[in-house]
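J.: Got a structure here, written out as structure tokens. Questions coming.
Coordinate-derived values only; no laboratory data. Note that this is a predicted model, so its numbers are computed, not measured.
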Amino acid sequence: MRSAYGGRKDETQDTLLDLLTDAYSRYLGARQLIADEGLMIPGRAGERKRHPAALTERDCRFAMVKLLEQLEAGRDKSRERSDPADQYLEDALVGNHKPKLVS
């Protein structure tokens, strides 16, 4: 994915990419927890409550969108996107397809 954003020419882009991969990893982990345990779980008093991973999933999705916007703003527009991972991640974020969860 680094090649699509001009290689390793900017330390800020490297930091943003690292944050993006961390957020994506947490996002996938939260989705897996929700898939395994359900969106609603029992609370302390036996009531049904939203799984805490749902908030993590939402927050990670927002973080990824913001990070992608920052990366896009600093991207070398003259370079074509050569890494299919870029399109895959963008498609997953906008819901064009569901990413496969890796065990």
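J.: Amide H of residue 40 versus every other amide H placed in the peptide plane: which residues, excluding those fewer than 5 positions away on the same chain, fall under 5 Å?
T.: Amide H neighbours of residue 40, under 5 Å, 5+ apart: 51.
J.: Give me a comma-separated list of calculated 3J(HN,Hα) values for segment 13-22, in order, Karplus coefficients 6.51, -1.76, 1.60 applied at θ = phi - 60°, integers in Hz, x for any Gly or Pro.
T.: 5, 4, 5, 4, 5, 5, 5, 5, 5, 5
J.: Per-residue HN-Hα couplings for segment 45-60, Karplus 6.51 cos²θ - 1.76 cosθ + 1.60 at θ = phi - 60°, whole Hz, x for Gly and Pro?
T.: For segment 45-60, the Karplus curve yields 8, x, 6, 8, 9, 5, 4, x, 5, 5, 5, 4, 4, 4, 5, 5 Hz.
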